[in-house]
Structure formats: C-alpha cells, structure tokens
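Down below is the structure, laid out as structure tokens.
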Amino acid sequence: KLQQTYGLTLHRPQVNVYLNGCILFLLLDQGGTVVLLASLPALSYLGYRACRRACPEAVVYALDKAEEVLERADYLYSCGETEKLYQLLAQHQNSDNAEFLWRLARASRDLATFQDISAEDKKRLTYEAFDYAKAALDRNEACFAAHKWYAVCLSDVGDYEGIKVKIGNSYIIKEHLERAIELNPKDATSIHILGYWCFAFAELPWYQRKIAATLFASPPNATYEEALEYFLKAEEVDPNFYSKNLLMLGRTYLMLKDKEKAGLWLSRARDYPAHTEEDKQVHKEASDLLKKLQG
C-alpha cells in the first residue's frame with residue numbers, strides 16, 4: 001500500500017521512511033506485509049540520522065530481534081515443541097505484529113488438542129486461540145495466515161456455543177478461508193481446511209440439516225466430491241505436507257465407496273512420521289480404519 005501510494009521501494013527485512021514529519025521504522029514479514037514498529041517525530045530526525053551513522057546496529061536491533069523470535073518459533077513448531085513454542089510466543093501476546101499473534105493462536109489451539117488436557121483448560125485455550133487470531137486479523141487484514149487461523153478458531157469456538165451459532169459461523173468461516181487462499185494460493189493448509197469444511201457439511205446428520213433448514217433460508221451445503229477436490233488440490237500444491245490431509249483423502253474415498261484408493265491414502269496417513277499430538281491421533285484413526293477396511 002505504501003508502495004502504491006508514495007512510490008516507495010520496500011526491501012526485507014527493514015525499511016526506514018521519512019513521511020509527514022516522522023521517521024517510520026518498517027519491517028516486512030514473509031508475506032511482504034509492512035509492520036510498523038516505531039516512529040520518531042520530526043524534531044528527532046537529525047538525531048536519528050546521527051545515531052544511525054554512529055551506531056546502526058542499535059537502530060535495527062528491535063527488527064532483527066523480532067525476526068529472530070519468529071524464526072525460533074517456526075523451528076519449534078517444525079519440531080513439534082508445542083509447549084515451548086507457546087511459552088515463547090506468550091511473551092509477545094500484546095504485540096502489534098500479526099505474525100506473532102496468528103502463531104500464538106495456532107500454538108494455543110495445538111495445546112487445546114492434547115489428550116491429557118482438562119476440559120476446563122481445553123475450553124480456555126480454545127477461546128484464547130480465537131482472541132489471538134482475531135487480534136492478528138485486526139492488526140493486518142492482508143495476512144493470509146490470520147484469516148486461516150481466524151476461520152479455524154471460530155469453528156472451534158462454535159463447539160461450545162450450540163448448533164445454531166456453529167452453523168451460522170460456517171458462512172464466515174468459509175469466507176475467511178477463501179480470502180486466505182486468495183491472498184496465498186500456494187498455502188496447502190488453507191485449501192485443506194476448506195476441503196474439511198466441505199466434508200463436514202457433506203456428512204452433516206439429517207437432524208442437523210433439518211435444524212439448519214429451519215434456521216437459515218439457504219443453509220450451508222457441500223458434497224464429498226467437492227471435499228475431495230480440495231484435498232487433492234492441497235496435496236498437489238504441497239505433497240505430503242500434513243498427515244490430516246492424507247487421512248481425509250482416505251475418509252473421503254471411503255464415503256465415495258472407493259475402497260482401493262481409500263486404503264492407499266489411509267496407509268500413507270498411518271505411516272506418516274508422528275511429530276505432533278495431532279499426527280499421533282491421525283496414526284491411530286488411520287490404523288483403526290484400515291483394520292475395518294481389511295477385515
């Protein structure tokens with residue numbers, strides 16, 4: 001936006017702009033989004049230039065520190081260190097940087113999925129995750145990950161608020177998933193989640209369909225074929241990226257009565273390396289489905 005409005009050329013990781021009497025310290029995140037970290041009034045401009053010449057490392061310290069924390073967070077996520085990740089990001093819960101906040105929403109939600117967690121803590125973390133996702137979206141509407149995790153967390157919150165609210169939220173969830181894919185067509189996770197949305201409404205029990213038809217003039221509707229299209233697309237964009245996508249491909253083929261392909265994808269889901277708690281749950285479900293399929 002700054003580039004379009006003021007003709008600025010922006011480069012990662014840091015850009016400093018003198019605009020309307022202020023120095024703006026800018027950081028570009030991985031999606032190319034500008035994050036405003038600090039500003040100096042006009043009277044500080046000469047002092048800022050002198051400081052930059054004298055000690056440039058002090059000027060960029062905060063910017064480098066932010067990127068360092070984000071890199072550390074992504075490393076912990078890749079290793080499945082959910083609790084350490086949460087502790088790291090919780091220190092930045094009041095940040096204005098959407099990149100911190102959506103990651104914190106994801107970490108909170110991941111903690112809520114732990115099997116040994118109490119019902120009370122699960123609910124608290126679910127709502128906490130939603131608050132962080134909403135904050136991320138408020139900070140940066142153009143952040144695809146903020147839209148994605150807002151959609152996911154809104155769905156989770158619906159589990160505590162009744163069928164009417166959950167179905168009503170489904171329209172909003174789909175809109176945010178579509179927006180996430182629009183912003184980043186190569187994000188396989190957003191595509192997968194939209195496939196899951198389709199699957200959920202394709203398998204909606206008859207009594208919930210009846211409730212939905214009573215409450216809404218045009219209740220949400222989807223088919224297993226639509227779900228399959230999204231799951232396959234996600235796999236095309238990023239092969240073997242997520243154990244749950246492999247599982248859902250197997251489950252969808254089961255619903256479509258294609259046992260051969262169902263067995264293929266369920267075997268891949270079962271054999272997927274279990275790095276996270278969710279991977280372990282996927283392994284168990286895939287194994288159980290394969291036993292039924294083969295028995």
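The values are calculated or read from the model by the stated rules, or taken from the named source; none is laboratory data. This one's a predicted model, so the numbers in the text were calculated from it and none came from an experiment. Using ideal geometry, Cβ is built from the backbone for each residue, glycine included, and neighbour counts are taken over all protein chains shown. Note: accessible area is taken over every heavy atom of the protein model, side chains too, but ligands, DNA and RNA are not part of it. Shrake-Rupley method; radii C 1.70, N 1.55, O 1.52, S 1.80 Å.
In the range 202-233, what residues are hydroxyl-bearing (Ser, Thr, Tyr) and assigned to a helix (DSSP H, G or I)?
Here is the first cut: in the range 202-233, the ones hydroxyl-bearing (Ser, Thr, Tyr) are 207, 214, 218, 223-224, 230.
Within the range 202-233, TYR207, THR214, TYR224, TYR230 qualify.
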Looking at LEU194, is it assigned to a helix (DSSP H, G or I) and not charged (D, E, K, R)? yes
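Every residue, every condition in (1) touching a residue at least 12 places away in the same chain (Cβ under 8 Å); (2) of a type in the set (Ser, Thr, Tyr); (3) in contact with an Asp or Glu (Cβ under 8 Å, 6 or more places away or on another chain); (4) within 21 Å of TYR77 (Cα to Cα), yes or no:
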| residue | (1), (2), (3), (4) |
| --- | --- |
| LEU104 | yes, no, no, yes |
| ARG109 | yes, no, yes, yes |
| THR113 | yes, yes, yes, yes |
| GLU120 | no, no, no, no |
| GLU128 | yes, no, no, yes |
| ALA133 | yes, no, no, yes |
| ALA142 | yes, no, no, no |
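When the residues of the range 275-295 are filtered to those that are surrounded by fewer than 16 Cβ atoms within 10 Å (Cβ to Cβ) and either within 18 Å of TYR224 (Cα to Cα) or not basic (Lys, Arg) (or both), which remaining residue is modelled with the lowest pLDDT?
Applying the first criterion (surrounded by fewer than 16 Cβ atoms within 10 Å (Cβ to Cβ)) to the range 275-295 yields 275, 280, 284, 287-288, 291-295.
From what's left, either within 18 Å of TYR224 (Cα to Cα) or not basic (Lys, Arg) (or both): 275, 287-288, 293-295.
Values: HIS275: 85, SER287: 97, ASP288: 97, LEU293: 92, GLN294: 87, GLY295: 76.
Applying the filter and picking the extreme gives GLY295.
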Which residue is nearest to the chain's Cα centre (by Cα), if the candidates are limited to the range 131-152 and must be open to solvent by less than 40 Å² (accessible area, probe 1.4 Å) and among the small types (Gly, Ala, Ser)? ALA145
Within the range 164-185, residues being open to solvent by 60 Å² or more (accessible area, probe 1.4 Å), farther than 20 Å from ALA135 by Cβ and not aromatic (Phe, Trp, Tyr) number 6
Consider ALA66 against the criteria (1) modelled with pLDDT under 95; (2) surrounded by fewer than 22 Cβ atoms within 10 Å (Cβ to Cβ); (3) within 26 Å of PRO220 (Cα to Cα); (4) touching a helix residue (DSSP H, G or I) at 6+ places or on another chain (Cβ under 9 Å): it satisfies all of them except one. Which criterion is unmet? (3)
Among GLU128, GLU120, the single one that is open to solvent by 60 Å² or more (accessible area, probe 1.4 Å), of a type in the set (Asp, Glu), modelled with pLDDT of 90 or more and over 15 Å from GLU277 (Cβ atoms) is GLU120
What pairs come out if I take residues in the range 252-263 that are of a type in the set (Val, Ile, Thr) and pair them with residues that are surrounded by 15 or more Cβ atoms within 10 Å (Cβ to Cβ) and modelled with pLDDT of 95 or more whose C-beta lies under 6 Å away, six or more apart or interchain? THR252/TYR224; THR252/ALA227; THR252/LEU228
Being under 21 Å from the mean Cα position of the chain (by Cα), over 25 Å from LYS122 (Cβ atoms) and touching a residue at least 12 places away in the same chain (Cβ under 8 Å) narrows it down to one residue among ILE193, ILE172, ILE167, ILE181; which is it? ILE181
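Of the residues SER287, SER243, which is in contact (Cβ under 8 Å) with a residue 40 or more places away in the chain and hydroxyl-bearing (Ser, Thr, Tyr)?
Working: SER287 fails: in contact (Cβ under 8 Å) with a residue 40 or more places away in the chain.
That would be SER243, the only listed residue that is in contact (Cβ under 8 Å) with a residue 40 or more places away in the chain and hydroxyl-bearing (Ser, Thr, Tyr).
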Could you check how many residues of the range 197-213 are at pLDDT 80 or above and either polar (S, T, N, Q) or in contact with a Lys or Arg (Cβ under 8 Å, 6 or more places away or on another chain) (or both)? 2
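One line per residue, one yes/no per condition, for (1) within 18 Å of SER155 (Cβ to Cβ); (2) open to solvent by 50 Å² or more (accessible area, probe 1.4 Å); (3) out of contact with any strand residue (DSSP E or B) (no Cβ under 7 Å at 6 or more places or on another chain):
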| site | (1), (2), (3) |
| --- | --- |
| LEU204 | yes, no, yes |
| LYS210 | no, yes, yes |
| SER218 | no, yes, yes |
| ASN221 | yes, yes, yes |
| PRO239 | no, yes, yes |
| LYS244 | yes, no, yes |
| MET248 | yes, no, yes |
| GLU260 | no, yes, yes |
| TRP265 | no, no, yes |
